[in-house]
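**Student:** This is the structure I have questions about; it appears just below.
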């Protein structure tokens, strides 16, 4: 039996999430609630697109966790066990350090530990990670008390993780964005990868002091390892048009295992696709 683990962002103010939460539901296999590069077995919808009535209540499960609103940002499957969370109710709440806290993605290690990544704080926020044992307890062998907070590249004032994966060698890689305010007072956002050791330390052998960037892209929302070992990050690129309007493109970039952009992919390591609305 397998169980589904969902990351939830709880909103106390009615607008911004306050604390990340993990919620486990009974056996279910389904696609992620947000775009990912990996394929997941589809079990939440039948082949004809109808909800699977054997799951939850008519194919739906809703969970109240005491906040005004909650939304799921990520999903993974883990082997079934008897309890999850400190009280055994299937819920774990973790405070990264600054409100609001947001979990954007999760990854399951081969040993059953759960790595989550997201952001602590807002305007500016900084990248944060946590790792849990299979029963939902913070893993004290990771970071400080199971949490890595304040992950910020030099020269940047904000950062966030939108995707996370665990490589076969145990290293943990996140993809997202880092931002700063330029000399004209405008905010600038760059696609950013960060790599961590299995104990939660920045891997300074990766990129520049543990970070890798592609300044042609604003951010990444999905991450995968290619067959050749490249790290593939998907996100969006912002184009400034001659009439001063902007166009966003779907974008894919590739990084070599050491953190440099792989120039053999697309044009200088970047592939962009424009999808016309209604087209």
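**Student:** Does residue 92 meet the test of being closer than 20 Å to residue 189 by Cβ and surrounded by 18 or more Cβ atoms within 10 Å (Cβ to Cβ)? Before you say what the answer is, go through the steps one by one.
**Tutor:** Working: closer than 20 Å to residue 189 by Cβ: no; surrounded by 18 or more Cβ atoms within 10 Å (Cβ to Cβ): yes.
Considered against the rule, which asks whether it is closer than 20 Å to residue 189 by Cβ and surrounded by 18 or more Cβ atoms within 10 Å (Cβ to Cβ), residue 92 comes out as no.
**Student:** Among the residues of region 201-218, are any closer than 16 Å to residue 127 by Cα and modelled with pLDDT under 95?
**Tutor:** In the first step, residues of region 201-218 are kept if they are closer than 16 Å to residue 127 by Cα; the result is 201-203, 209-213, 218.
Among the residues that remain, those that are also modelled with pLDDT under 95 are: 218.
So far as region 201-218 goes, yes, one or more of its residues are closer than 16 Å to residue 127 by Cα and modelled with pLDDT under 95.
**Student:** Would it be correct to say that residue 254 is in a strand (DSSP E or B), more than 18 Å from residue 160 (Cα to Cα) and modelled with pLDDT of 95 or more? Walk me through it before giving the result.
**Tutor:** Values: in a strand (DSSP E or B): yes; more than 18 Å from residue 160 (Cα to Cα): yes; modelled with pLDDT of 95 or more: yes.
It is true that residue 254 is in a strand (DSSP E or B), more than 18 Å from residue 160 (Cα to Cα) and modelled with pLDDT of 95 or more.
The values are calculated or read from the model by the stated rules, or taken from the named source; none is laboratory data. As the structure is a computational prediction, the values presented were derived from the model and not from experiment. Reconstructed Cβ throughout: ideal geometry from the backbone, glycine too, with neighbour counts over all protein chains shown.
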